[in-house]
Amino acid sequence: MLKNLPLSAAIGLSFTAIYFLAAIFAPVIAPYGMADVVGDVWEPSSAEHLLGTDQIGRDLLTRMIYGGRTTIWIATLATILSFTTGSVLGFLAAVTGGWFDQVMSRFVDLMMAIPSLILALVILSSIEATVITLIILMGLLDATRVYRLARAVAVDISVMDYVEAAKLRGEKLGWIIFREILPNALSPLVAEMGLRFIFMVLFISTLSFLGIGVQPPLADWGGIVKENKEGINFGIGAALYPAIAIATLAISVNLVADWILNRTTSLKGGRG
Amino acid sequence: MHPILTLVVQRLALGILLLIAASALIFGLTEILPGDAAQAILGQAATEENLANLRAEMGLDRPALTRYFEWLGGILTGDMGNALTNKLPIADQIGKRMSYTLFLSFWAALISVPLAILLGLIAVRYQNRWPDKLISGVTLASISLPEFMIAYILVFFFAVKLFWAPSFANISPGMPLLEQLHAISLPVAVLTLVVLAHMMRMTRAAILNVMQSAYIETAELKGLTTFTVIYRHAFPNAIAPIVTVVMLNLAYLVVGVVVVEVVFAYPGMGQYLVDAVVKRDVPVVLACGVIFAAVYIVLNIIADLVSILANPRLRHPK
């Protein structure tokens, strides 16, 4: 499978892998404890502190690793939630049609007519932001996008002869959705999954930066920017490291998603 | 009735319906979630009795539907009630801040729209050569970063290292225009970069789509220069998709402005909204949220209408 791996995909895969491994093994890799004050305020980078220290003297590399862990976990779980609810409901709407399809589709239209950030702000003014509520909130808001895509793809597939045949065989709804439609809808969905994941990373970072996402003492990339933003005015670039982390993660996930899309479409003779 | 007029009226009616539904959704969200204004004022330690008294006093014990229509009527007539935190009328605050936000968005749009179209044209002209690749690369990079990151990168280099522009957008009514523009130069640059990327890519795609038509080949075979072909033949046919793109991106600006205002401590609507969310000032969040949503929806409706009106096949039906 990894033969003929294009260079761009190899770069993307290795960077994505590094980020995920760092997220999983954060306590092992991180040189210091997440909340340990180990130096002066905003020390420049040195042998002890590769990226320097933050606004109260914690090791910035450690903060970045733990921050990445929070950001990547939240984004991953929210993406999984958004894909399972979005695609199951989308497939269901495409297969059953009728009033369920109408009600769901109009509701999704309504949700998508309002910017996600505004909806998130309205909701977060009423509920407390914990890791769990953030995952549910982001996952469900984003499920509308997945629903649209899944429904569009599934409508095409559900008129195919083999789906018709399965229906005539008397297969149940679950079989038709998971055994007939899902395998054939997978490649566009997987490519979209990469984009949605990046969107989740940007979304949670924005919320944390605004002070209504991940709450201290937990660190995440958006929160690190918020904590260190005063430093910028003194020419201290501590708040810019998360920018580099987010950009490299976003670009590498994009490269992987592109490669998966190309690979799976060429397998099926070019049909997207 | 002319068929296009029917279509326009239909879309307008749908749009109004959508606006009402969106306001109901926003109001409903704060209704079904736990906690209300009385809870926010009294805090977690309040007794049931105190809560019930305050709810009765504020009218919160009446049915949600009644309060929704009162609230909607208030928004439409400019009476949005008072903020929970400082008891000041919300409408006064919004009136002041709205003009600042519009000022910022206006300049961002004024710069980004022509620039995006020009860059899109250049990218098509030099398709797959280095100018196209350079433009695509830079725009891809700016899509991969959240707005506030782009903002701090610009602040770091242009405000702190080079002293070209202030890092906080301090603006007041009495300032001369030039000083105001200097104050908002970095926020405008950030917003421009954010929407430019999307807009330019979509413009490029729209023109490339037209460039594949047969009449473009004819124009090329006539011996016209590439720029004439693009300018005289491709561009007029790409106007409808481009206008749609522009409108969608102006709508996108609505979201970008929220974050950018917070970064630059700009006294606009976005800052007001985020502050209110942090302080759990639900009436303010509702008012700001519904205004942002309405602007977004209205811009989308306009994009829809323009694409209908710009389509010659719909204007002159057989």
Members of segment B:171-187 found to be hydrophobic (A, V, I, L, M, F, W, C), assigned to a loop (DSSP other than H, G, I, E, B) and without any contact (Cβ under 8 Å) to a residue 24 or more places away in the chain, listed by number: B:Met175
Residue list for segment B:139-161, restricted to those being free of Cβ contacts under 8 Å to residues at least 12 places away in the same chain and assigned to a helix (DSSP H, G or I): B:Ala141, B:Met149, B:Ile153, B:Phe156, B:Phe157, B:Val160, B:Lys161
Condition broken by A:Ile236, with the remaining ones in (1) touching a Ser or Thr at 6+ places or on another chain (Cβ under 9 Å); (2) surrounded by fewer than 23 Cβ atoms within 10 Å (Cβ to Cβ) satisfied: (1)
Residue identified as at pLDDT 80 or above, among the basic types (Lys, Arg) and over 19 Å from the mean Cα position of the chain (by Cα) among B:Arg11, B:Arg97, B:Arg62: B:Arg11
Number of positions in segment B:274-289 that are within 15 Å of B:Glu31 (Cβ to Cβ) and either of a type in the set (A, V, I, L, M, F, W, C) or more than 7 Å from every other protein chain (Cβ to nearest Cβ) (or both): 4
Which numbered condition A:Thr206 fails, given (1) within 12 Å of another protein chain (Cβ to nearest Cβ); (2) without any contact (Cβ under 8 Å) to a residue 24 or more places away in the chain: (2)
Meets criteria (within 14 Å of chain B (Cβ to nearest Cβ), of a type in the set (A, V, I, L, M), assigned to a helix (DSSP H, G or I) and closer than 16 Å to A:Val146 by Cβ) for A:Met112: yes
Some residue of segment B:125-136 being assigned to a helix (DSSP H, G or I) and either outside the structural domain of B:Phe264 (by TED's automatic domain parsing) or more than 27 Å from A:Leu249 (Cα to Cα) (or both): yes
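Going residue by residue through segment B:93-106, is there one that turns out to be outside any helix (DSSP H, G or I) and farther than 26 Å from A:Val201 by Cα?
The answer is no, given that none of the residues of segment B:93-106 is outside any helix (DSSP H, G or I) and farther than 26 Å from A:Val201 by Cα.
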Number of the condition not met by B:Asp275 [criteria: (1) surrounded by fewer than 20 Cβ atoms within 10 Å (Cβ to Cβ); (2) touching a residue at least 24 places away in the same chain (Cβ under 8 Å)]: (2)
Test: B:Asn237 is of a type in the set (S, T, N, Q) and within 14 Å of another protein chain (Cβ to nearest Cβ): no
Qualifying residue in segment B:150-172 (condition: modelled with pLDDT under 80, within 22 Å of A:Tyr241 (Cα to Cα) and charged (D, E, K, R)): yes
Any hit, segment A:235-242, residues being at pLDDT below 80 and part of a loop (DSSP other than H, G, I, E, B): yes
Filtered residues of segment A:168-200 (kept if over 22 Å from the mean Cα position of the chain (by Cα), under 18 Å from A:Thr85 (Cβ atoms) and buried (at least 20 other Cβ atoms within 10 Å of the Cβ)): A:Ile177, A:Ile181
Test: residue in segment B:128-146 that is within 13 Å of chain A (Cβ to nearest Cβ), under 20 Å from A:Gly235 (Cβ atoms) and aliphatic (A, V, I, L, M): no
The lone exception for A:Glu230 - which of (1) part of a helix (DSSP H, G or I); (2) crowded, with 17+ Cβ neighbours inside 10 Å; (3) within 14 Å of another protein chain (Cβ to nearest Cβ) it fails: (2)
Which numbered condition B:Leu119 fails, given (1) hydrophobic (A, V, I, L, M, F, W, C); (2) without any contact (Cβ under 8 Å) to a residue 60 or more places away in the chain; (3) surrounded by 20 or more Cβ atoms within 10 Å (Cβ to Cβ): (2)
Condition check for A:Thr62: outside any loop (DSSP other than H, G, I, E, B), more than 20 Å from the chain's Cα centre (by Cα) and closer than 17 Å to A:Pro216 by Cα: yes
Restricting segment A:115-129 to residues that are in a helix (DSSP H, G or I) and hydrophobic (A, V, I, L, M, F, W, C), the residue that is farthest from the chain's Cα centre (by Cα): A:Val122
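For every residue, the table says whether it meets (1) of a type in the set (Val, Ile, Thr); (2) surrounded by 17 or more Cβ atoms within 10 Å (Cβ to Cβ); (3) closer than 25 Å to B:Ala238 by Cα.
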{"position": "B:Leu134", "(1), (2), (3)": "no, no, yes"}
{"position": "B:Ala141", "(1), (2), (3)": "no, no, no"}
{"position": "B:Pro146", "(1), (2), (3)": "no, yes, no"}
{"position": "B:Leu154", "(1), (2), (3)": "no, yes, no"}
{"position": "B:Ala183", "(1), (2), (3)": "no, yes, no"}
{"position": "B:Thr192", "(1), (2), (3)": "yes, yes, yes"}
{"position": "B:Val195", "(1), (2), (3)": "yes, yes, yes"}
{"position": "B:Met199", "(1), (2), (3)": "no, yes, yes"}
Of the criteria (1) under 25 Å from B:Ala251 (Cα atoms); (2) of a type in the set (Phe, Trp, Tyr); (3) not assigned by TED's automatic domain parsing to the domain that holds B:Ala205, which one B:Phe69 fails: (1)
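Conditions (1) closer than 18 Å to B:Leu104 by Cβ; (2) of a type in the set (Val, Ile, Thr), marked per residue:
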{"position": "B:Pro131", "(1), (2)": "no, no"}
{"position": "B:Leu178", "(1), (2)": "yes, no"}
{"position": "B:Met202", "(1), (2)": "no, no"}
{"position": "B:Ile230", "(1), (2)": "no, yes"}
Checking A:Trp221 against (1) in contact with a Pro (Cβ under 9 Å, 6 or more places away or on another chain); (2) more than 10 Å from chain B (Cβ to nearest Cβ), the condition it does not meet: (2)
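The values are calculated or read from the model by the stated rules, or taken from the named source; none is laboratory data. Just so we're clear, the structure is a prediction, and the values are computed from it rather than from any experiment. With ideal geometry, Cβ positions are generated from the backbone for all residues, glycine too; neighbour counts draw on all protein chains shown.
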